[in-house]
Structures are given as C-alpha cells and as structure tokens.
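Here is the structure we will look at, set down as structure tokens.
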Amino acid sequence: MSAVLAEALREAAAEIEETLDTLLPPEEGPEAKLAAAMRYATLGGGKRMRGFLVLESAKPFGVARASALRVAAAIEMLHAYSLVHDDLPAMDNDDLRRGKPTTHIAFGEATAILAGDALQAHAFAILADEDTHSDSAVRIELVRRLAIASGPRGMCGGQMLDMLAEESNEPPTEASIGRLQLLKTGKLIEFSAEAGAILGKAAPQQRHALCAYGRDLGAAFQIADDVLDATATAAETGKATGKDAGAGKATLVGLLGLDRARAQAERLVAQAREHLDSLGERADLLRMLADYTIERRS
C-alpha cells in the first residue's frame, strides 16, 4: 500500500471511529447491555473501507465533511450488523472477528441478534436525520439506495444464495457465483461509492461512474477475500480462515483456482479505475484503493 493511501485510510478511520462513538447509543439505562453489544460489534476495528469510499466519493462534489461522516458511520453500522448476523451459529458459526470473540460469543446469541437488528435500524435513522443533509430528497435517496443494497435484491439476497449454494448438489458456475457475490458483498460497496455523489447532487453520468466503480471494486474485493481465506492465516486476517473450502462454499477460487481468480480480480480493478477517468485527479485515492483491494493481506 502506498504511504499516501495508508495515511488517508488511517485519518479517515479515526474520523469515522469518532463519529461512530458519538452516534452509537451510550451504555446507560436498563437496555445498557444492548448498547454495549452494538458498540462492541462496531467500534475498535475494521478497515472502514466502506466509510472511506463515502468520504472520498463526496470530495469531488464539495460535500460537507460532517455530512459525509454521518453517512460513512451509517454504512459502517449496517456493515457491522451484517457481520454480527453472519457470524451467528445459524449462519457461518464463527468465533473470531477482527481479532476478538464474535458478538454472540461475548454477549450471547439473543443479544447479538438484537444488536444487529438495532444497528440496522439506527443506520437508517441517521440517514433520515436532518443533520445528515438539509435536503429531504437527498436523505430519501440515501435511505432508498441503502435499503435496496441491503435488502432482498442486495446483501440479504446474496446471503440467501450463499446458504442455498452450500445445500445444493448442483455445481456452481461463474455466473451464479458472480451474482451471489454481487449481492452479498458488492451492493453495499456500490452504495458506499455512490453515496458521495448522492450527497453532492452530482450529475447522472458522474453518479453512474461511481456506481460502476463500486460494482467492480466490490467484485474484486470479494475475490480477494476468497483468496485470503485460502492462503492467509487467522493472525493476518483477524478471523478464521480455510472455512470456505471446508464448508463447500461457492467461490471463484474454488471454481477457477487461485491464479485465474487473481487474474479476474486484476481485470476488475483495471475496469474500476477506468470508470473514474471523468473525475481526473480528484479520484486518485479511489484508484489507489482499487489497487490495494487485491494487494492486502487482511
């Protein structure tokens, strides 16, 4: 990773962490355990890549930093909810996340489910708040697009396809894996890249370009995750590795092999970079992030 990108990611993560700390409910009152679980699941870890995408996609359009940070925090809360539920015994049954016990191990399964539910609801409440943007039409569009990205034609639909693939006797195809990964991982990343353009009321072609960038970046990111699951250690990733093959999960690594999967990720990164041509040097950090997506070891 370049020093420029490393510093930008570090600064953005610190700002997002501070915003999350402010926006998450405090641990007080009879429901303090719920707030504690929400904060445990969200604070103190993660690359904050989705939040970083919001901040960087907002820059070319002169969006106020405070507004972009609130949207970045909202997408990180929704992402945290998805991880809490993904780790549950009924789903992937993971004990480790970001180098620490998963939320259901730390707080119990029922509290983890409630924490995920509350994080999802809280994310939408933040997007709908006037402090996020003065224009109600912008707030509605943010809510609409995130709901689509996380719902039955987005992340939740992708989770369903992932579960069905494990149960199916039919061999996966490149097309079926591509759709699974587009929905499960790609749609939230696509929204994150588009959110800055929504906040900045960007021209349709610029918003479309950032959407396309996010779509290809998300696909490359998921392939890189699958490569890491097959090649990295738990110490490097902060979570259990080698589980995809053991569980019979449908991945491009399993279908194509490591070398061809890596080549596909590289093609996607090249496409993602091309989508940013119209934004010129204002999108340099987004280009660097695309390169880093397939270079990372965590």
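Dividing the summed helix terms, -39500 (n - 2.57) for each DSSP H run of n ≥ 4, by the number of residues in the chain produces a 222 nm estimate of -22000 deg cm²/dmol to the nearest 500.
Using only alpha carbons, build the gyration tensor for segment 89-171 and give me the equivalent ellipsoid semi-axes, biggest first, whole Å.
After scaling each eigenvalue by five and taking roots: 30, 20, 9 Å.
Amide H contacts under 5 Å for Leu96: Thr102, Ala240, restricted to partners 5 or more places along the chain or on a different chain, H placed in the peptide plane at 1.01 Å from N. Look at the dipole of the chain built from charges on Cβ: of Leu96, Ala112, Val143, the Cα furthest out on the positive end belongs to Val143. When the chain is treated as a GNM with alpha-carbon contacts under 10 Å, the residue of Gly154, Gly62, Gly218 showing the greatest mean-square fluctuation is Gly62.
Mind counting lysine pairs for me in the chain? Cα separation below 26 Å, and the two need to be 8 or more apart along the chain or on different chains. Count of close lysine pairs: 24. When each of the peptides 117-128, 201-212 is scored by how many other beta carbons lie within 10 Å of its residues on average, the order from highest to lowest is 117-128, 201-212.
Once fully extended, how much extra length lies between Leu256 and Lys47, figured as 0.36 nm per residue of separation less the alpha-carbon to alpha-carbon distance?
Computed gain between Leu256 and Lys47 is 72.5 nm.
Binning all Cα-Cα separations of segment 55-96 at 10 Å, short to long from zero, yields these whole-percent fractions: 27, 32, 21, 17, 3.
Between Lys100 and Glu274, the distance separating the two model label sites (each 7 Å from Cα on the Cα→Cβ line) works out to 4.3 nm. log10 I(q)/I(0), Debye, Cα-only the chain, no solvent, q = 0.07 Å⁻¹? Rounded to two decimals, the profile gives -0.24.
Rg and Dmax over the alpha-carbon atoms of segment 1-92 stand at 14.6, 47 Å.
Treating r as the C-beta distance of Asp21 and Asp284 and R0 as 35 Å, the FRET efficiency rounds to 0.75. Working note: Cα gyration tensor of segment 133-240, eigenvalues times five, square-rooted, sorted largest first, giving semi-axes of 29, 16, 13 Å.
Here the dipole of the chain is about 500 debye; that uses its Cα centre as origin and unit charges on the Cβ of Lys and Arg (positive) and Asp and Glu (negative).
Taking all Cα-Cα distances within segment 33-151, those exceeding 26 Å account for 23%. Restricting the calculation to Cα atoms, segment 255-298 yields a radius of gyration followed by a Dmax of 12.0, 37 Å.
Sites count as exposed loop sites when they are GluC sites (Glu not before Pro), lie in a DSSP loop, and have at most 16 other Cβ atoms within 10 angstrom; the longest stretch of the chain without one is 131-294. Here the 3J(HN,Hα) profile of segment 161-168, calculated from phi with Karplus coefficients 6.51, -1.76 and 1.60 at θ = phi - 60°, is 4, 4, 5, 5, 5, 5, 8, 7 Hz, Gly and Pro shown as x. Relative to the Cα centre, the charge distribution of segment 26-133, modelled as +1 at Lys and Arg Cβ and -1 at Asp and Glu Cβ, gives a dipole magnitude of about 520 debye.
Across segment 200-207, rounded Karplus estimates of 3J(HN,Hα) from the backbone phi angles (6.51 cos²θ - 1.76 cosθ + 1.60, θ = phi - 60°) give x, 6, 5, 4, x, 5, 6, 4 Hz, Gly and Pro being marked x. Dividing the convex hull volume of the alpha carbon atoms of segment 39-108 by its residue count gives 79 Å³ per residue.
Bear in mind these aren't lab numbers, they're just calculated from the coordinates by the rules spelled out. The model shown is predicted, which means the values in this text are computed figures rather than measured ones. A quick note on method: Cβ atoms are made from the backbone with ideal geometry, for glycine too, and the neighbour counts reach across all protein chains shown.
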